Amino acid sequence: MFMAEEQDKRSSGRPDDSPALSFADFLQQVLGRAAQTVLSYSRDIAAFDNWREKQGLPLQAALSRSQIGLYIMQRSQEGRRREGEAARLSSRSAARAVSALKAYRRYLEFSGRFSTAGSEDEQPLAALEPSAPRYSRTLPAYFNVDEILALVRAFDGREGSAMLRNSALMHLLYSAGLRVSECAGLKLGSLRESERILSVLGKGSKLRSVPYGERAAELLRAYLLQSRPLLAAQAGAAGPAGEGQDCALWLSTRGAALGPRAIQRIVDQAALLSGCIKPVSPHKLRHACATHMLEGGADVRLLQELLGHSSINTTQVYTQITRKQLLESYEKTHPRAKR
């Protein structure tokens, strides 16, 4: 719990033995934020609290519009990072920090540690309505279909339980356009094999249905029949390696559930095997899925639903990529493009 929270608890009139919801619990249970968002927001508030203490500011004064603006400005300024200081904020991270502070305000009000009654001078928190800093979206690196297929097929035909698992995983990442956390969180019950549909738990604990391709379906079936039982045998039938609907889909060579970092290592290995020289990540496969679907004529609203984007603006980033590629192709091939 943050030091500021302990101080506010003493001044809130709440009995010491009264159960209190932590900021992390509030984010997850009340606001329904994803685990990674909870972690990021908690770090943002810890960094803000550290800055506030160095400034010698009480919590109410620190949460005024002017002080938050000063904090974001100082954290966003260029300069060498001193030992013990938080890293400089990028424009995207600054926007997230403002969102974290807004959520923190809601938490303090929810827990009765601040009142919105009174003037702004008496209640600086009531004036806290900082708008997120604007940031320019960086277009994801473009991978053409041949590059992606070479990456996705890197494990195809290789012997061994882990190789078959890796092959199925790579094909599914690209075919379904999954986030790495979504892929790692898949359960046996997430598969509706007869329909080739995944039930995916995305950001904000939102469940969506995502189709996947025939080749991914073939490899998944082979993995489930041939590879997963051998991997599960390393850990017995208990825990994530069991056969129940809530058991993990992807297993390690020790029979444990694969996490996001393990999936990243599989993608890195695929890049080495395929000879890919561009930086790769599971998210690059998601970007490629979206871009290639748009190039194939997919509707942007449909793509928004498949990717689990809460805002259409996020999905429209990929339309910029396809327009950029179209222009580059035109300039390279049309005889009158630059005349």
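The values are calculated or read from the model by the stated rules, or taken from the named source; none is laboratory data. All values reported here derive from a predicted model rather than from experimental measurement. Backbone-built Cβ (ideal geometry, glycine too); neighbour counts: all protein chains shown.
Quick one: which residue in Y318, Y223 is at pLDDT below 70, in a helix (DSSP H, G or I), buried (at least 18 other Cβ atoms within 10 Å of the Cβ) and in contact with a helix residue (DSSP H, G or I) (Cβ under 6 Å, 6 or more places away or on another chain)?
Going through Y318, Y223 in turn, the sole match is Y318.
Any chance you could count how many residues in region 179-201 are more than 19 Å from Q245 (Cβ to Cβ) and not in a helix (DSSP H, G or I)?
So the answer is 1.
Restricting to region 192-219, and then to whatever is farther than 29 Å from E159 by Cβ and of a type in the set (D, E, K, R), can you tell me which residue is surrounded by the fewest Cβ atoms within 10 Å (Cβ to Cβ)?
Selected residue: E195.
Quick check, is L164 part of a helix (DSSP H, G or I) and at pLDDT below 85?
no
Looking at region 1-27, which of the residues that are modelled with pLDDT of 85 or more and assigned to a helix (DSSP H, G or I) is nearest to S99 (Cα to Cα)?
Applying the filter and picking the extreme gives L27.
Between residues in region 266-286 that are in the same structural domain as S181 (by TED's automatic domain parsing) and among the small types (G, A, S) and residues that are surrounded by fewer than 19 Cβ atoms within 10 Å (Cβ to Cβ) and assigned to a helix (DSSP H, G or I), which pairs lie under 6 Å by C-beta distance while being six or more apart or on different chains?
S274/A150
Any idea which residue in region 198-228 is nearest to the chain's Cα centre (by Cα), counting only those that are in contact (Cβ under 8 Å) with a residue 60 or more places away in the chain and either outside the structural domain of C289 (by TED's automatic domain parsing) or within 24 Å of Y41 (Cα to Cα) (or both)?
K203
Suppose we filter A232, A256, A290, A270 for residues that are within 22 Å of the chain's Cα centre (by Cα), under 27 Å from E193 (Cβ atoms) and at pLDDT 85 or above; which single one remains?
The match here is A270.
Which one is modelled with the lowest pLDDT, of the residues in region 69-109 that are outside any helix (DSSP H, G or I), out of contact with any Ser or Thr (no Cβ under 9 Å at 6 or more places or on another chain) and surrounded by 13 or more Cβ atoms within 10 Å (Cβ to Cβ)?
If we take residues in region 69-109 being outside any helix (DSSP H, G or I), out of contact with any Ser or Thr (no Cβ under 9 Å at 6 or more places or on another chain) and surrounded by 13 or more Cβ atoms within 10 Å (Cβ to Cβ), then E85 is modelled with the lowest pLDDT.
Name the residues in region 28-40 that are out of contact with any Phe, Trp or Tyr (no Cβ under 8 Å at 6 or more places or on another chain), buried (at least 18 other Cβ atoms within 10 Å of the Cβ) and not in a helix (DSSP H, G or I), would you?
Answer for region 28-40, where residues must be out of contact with any Phe, Trp or Tyr (no Cβ under 8 Å at 6 or more places or on another chain), buried (at least 18 other Cβ atoms within 10 Å of the Cβ) and not in a helix (DSSP H, G or I): just A34.
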